[in-house]
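Here's the structure we're looking at; comments come further down.
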Amino acid sequence: MTKSSLPSRLALLGLCLGLGAAALPAQAKDYLVTVSRPNNLYMVDLDDNRIVSNCTLPDHFGPGTVVMSPDNKIAYVLNHHWENVYGVEVDTCKVVFQAKQSSATERVKSLASLAVSPDGKELYTVQNPVRLEKDRYQALAPRFAVFDTAAGLDAKPIRTFPASRRVTVMAAGDNGLVYMAGADIEQIDPKTGKRSVAIPNANWKRPGHGAPDVLAMWPIGKQSNEFMLMYTAPKFKPGSKDPATADLVWGYSRVDLKTGQKEVRDFAPFEVIMFSGMTRPQRPDLLYGVYTQLSQHDVKSGKLVKRIDLDHTYYCINMSSDGKKVYLAGTNSDIAIYDADTLAPLGKIQLPEKGDMSTSTMQIFSRN
């Protein structure tokens, strides 16, 4: 029996046994999820770009930060004016988890900080609370909150620990640590609350560089097993610290979520603005960034491979699991698709309500 004939003969055997083709294991394929106004969670089958789920979310829109459970069956959404977290079964639209973080005496906001443990049992966010006094708001210390994902529709933190201010995106590593983007990239043990700096950012002491500037709003590194912040920074001329004569550069601070390895690297001159970026799955030497242009960079050589203008701005970038397609979302109501090698346009996915995605996250994942 040849290798090429094996699948067809297995299918024939299944039919003879009365099992049919359904008895054979289904082939994994890519799906996309995102949130859009008025307040909908969409799942798209990327084989044919067909919307297979359109879920109306509870309460109100914003910011639409999305992270997936490890089995890619539940989308956890930070919404309702940056306050509540919902766990939604993407196939059925059933809400299976809900954490309303504010109370009658305290208003709590989470600034795009959302992550799920590798085993799917815990969900993490950084809470920024204020006490509601009769005549004023009293700012309280931020806290790292841990939720049990099996807690249902009235979830409360099972543990809290002190956290830094200014934390936005976060991601859980295979080593059990959670990485958080604040003034620096911090790492925290969610069991004990022990916290340390993983990569200095605002507080770095890089020879020849001034302080970096970072925008971190979209937790999109799962496809490439990375937690990455892109930065712009002044790179001084030799022997000088004069910002007026410095060259501005693009770079990134990156944690490999599989190995915990850390890297800081300049990769391009500052020529265009990029709101989000990621390395290509299976090709960490190639980085793609987006805003009003889509750019492809060779990070090892520091060379721009290709750049194209877009018909409007896109905030959020992601890629197919095989790294062959680039998807652009956020800002508006359409998702643009490009060839990852040539940056040639491959079409668009139009969301039916035509409400803009704004700051929402776009997640792409593979499953059966």
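The values are calculated or read from the model by the stated rules, or taken from the named source; none is laboratory data. Everything numeric in this text was worked out from a predicted model, so none of it was measured. Don't worry about glycine lacking a Cβ; one is built from the backbone with ideal geometry, like all the others, and counts go over all protein chains shown. All accessible areas refer to the heavy atoms of the entire protein, side chains included, with ligands and DNA or RNA removed. Shrake-Rupley method; radii C 1.70, N 1.55, O 1.52, S 1.80 Å.
Of note:
- For the residues K306, K324, K300, K354, the requirement of being farther than 21 Å from V66 by Cβ and in contact with a Ser or Thr (Cβ under 8 Å, 6 or more places away or on another chain) singles out K306.
- Residues being open to solvent by less than 30 Å² (accessible area, probe 1.4 Å), under 15 Å from I317 (Cβ atoms) and in a loop (DSSP other than H, G, I, E, B) - total across segment 332-350: 2
- Residue that is among the polar types (S, T, N, Q) and either touching a His at 6+ places or on another chain (Cβ under 7 Å) or open to solvent by 10 Å² or more (accessible area, probe 1.4 Å) (or both), where the choices are T313, T279: T313
- Per the conditions (1) farther than 30 Å from I337 by Cβ; (2) surrounded by fewer than 17 Cβ atoms within 10 Å (Cβ to Cβ), the sole criterion not satisfied by S110 is (2).
- Extreme residue, nearest to P345 (Cα to Cα), among residues of segment 293-314 that are outside any strand (DSSP E or B) and of a type in the set (A, V, I, L, M, F, W, C): L310
- Near pairs, Cβ below 7 angstrom, 6+ apart or cross-chain, from segment 251-267 (touching a residue at least 60 places away in the same chain (Cβ under 8 Å)) to any residue that is among the hydroxyl-bearing types (S, T, Y): S253/Y231; V255/Y179; V264/S253
- For segment 111-125, a tally of residues being touching a residue at least 40 places away in the same chain (Cβ under 8 Å) and in a loop (DSSP other than H, G, I, E, B) returns 8.
- Scanning segment 2-55 for residues that are at pLDDT below 95 and either on the phi > 0 side of the Ramachandran plot or assigned to a helix (DSSP H, G or I) (or both) yields a count of 19.
- Top-ranked residue in segment 84-102 [being in a loop (DSSP other than H, G, I, E, B) and under 15 Å from L153 (Cα atoms); ranked as least open to solvent (accessible area, probe 1.4 Å)]: Q101
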